[in-house]
Amino acid sequence: MIVLDASTLILIAKIELLDSFLAGLGPGVVIPAEVAWECYGVKKTADALMIQRAVEKQQIRVIAVKNRKLVDKLQADFGLGEGEAEALALSVKAKARLLGIDDKNGIGAAKLLGIPFTTAMGILIRARQKGLIDRAEALRKLAALTRHGRYHQTIVQDARRRIEEPS
């Protein structure tokens, strides 16, 4: 099972990588209910509609997190928002094989809790390495991700180097 937080899910939708990402994973992608709300509960942008469509097509499953004590503790201990805390709690409870999270505090929490994680940048690099997208398309998506995300320049430079490597 792969659990996604809103930040990662929105970013991969914004750079139009969501469909390719989901196609290779089958029904193993889940999001907590709060993440669903954060992604498409209010706004109706293109990325929100893409995410909502993936949920409706059952490419992404929405799961209610029942352990509110754990969510509250994660929020208090790590300074997380509701969605990040629910994604971490779901990852712990379900023993997720991977958590997609781009929030700095959420990444720190995942490291401390021993939860394997990736970011939208990591998903883009992996899509290129697996041959799901070619070099030129990956570089275009990297430029878009750089515009939409909050990545340090060294992370962007490393990603560019890894994308440009022969696959």
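Tabulated data for the structure shown
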quantity: Pairs with Cβ under 6 Å, 6+ apart, first in the range 62-86 and polar (S, T, N, Q), second outside any loop (DSSP other than H, G, I, E, B); calculated: Asn67/Ala89; Gln75/Ala85
quantity: Enumeration of residues in the range 19-39 that are in a helix (DSSP H, G or I), modelled with pLDDT under 95 and either surrounded by fewer than 16 Cβ atoms within 10 Å (Cβ to Cβ) or touching an Asp or Glu at 6+ places or on another chain (Cβ under 7 Å) (or both); calculated: Asp19, Ala23
quantity: Any chance Ala96 is in contact with a strand residue (DSSP E or B) (Cβ under 9 Å, 6 or more places away or on another chain), aliphatic (A, V, I, L, M), closer than 19 Å to Thr119 by Cα and surrounded by 23 or more Cβ atoms within 10 Å (Cβ to Cβ); calculated: no
quantity: Residue within the range 116-127 that is part of a strand (DSSP E or B) and in contact with a Leu (Cβ under 9 Å, 6 or more places away or on another chain) present; calculated: yes
quantity: Residues (free of Cβ contacts under 8 Å to residues at least 24 places away in the same chain and not in a loop (DSSP other than H, G, I, E, B)) located in the range 143-155; calculated: Ala143, Thr146, Arg147, Gln153, Thr154
quantity: Some residue of the range 40-60 being crowded, with 17+ Cβ neighbours inside 10 Å and of a type in the set (D, E, K, R); calculated: yes
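The values are calculated or read from the model by the stated rules, or taken from the named source; none is laboratory data. Predicted, not measured: the structure shown is a model, and the values here were computed from it. We place every Cβ from the backbone using ideal geometry, glycine too, and count neighbours over all the protein chains shown.
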